[in-house]
Amino acid sequence: MTDRTTPLPLICPHCDGFASAAVTLGGRDRHGHVRTIAAHCPACHGTGITRTRRTWEGARA
Ligand SMILES: [Zn+2]
């Protein structure tokens, strides 16, 4: 029962899988909504996974 049928996706080590974040620009639009832009991780381009197998195991406790 230790074999996996599908390999685990390689989570981006730079953003730890949280590939995009909303950044407020300040102020609100005329509907009262906060104006935001999406900032993507430059390493994985907003996908949250990386295609290179670079092991960072042990980097986090
Ligand atoms: Zn990333």
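Just so it is clear, none of the values below were taken in a lab; they were calculated from the coordinates. All values reported here derive from a predicted model rather than from experimental measurement. Cβ placement follows ideal geometry from the backbone for every residue including glycine, while neighbour counts extend to all protein chains displayed.
Annotations
- Residues that are hydrophobic (A, V, I, L, M, F, W, C) and not in a strand (DSSP E or B) were ranked within the stretch 1-42; the one that is surrounded by the fewest Cβ atoms within 10 Å (Cβ to Cβ) is Met1.
- Selection within the stretch 17-38 - among the hydroxyl-bearing types (Ser, Thr, Tyr) and within 16 Å of the ligand (Cβ to nearest atom): Ser20
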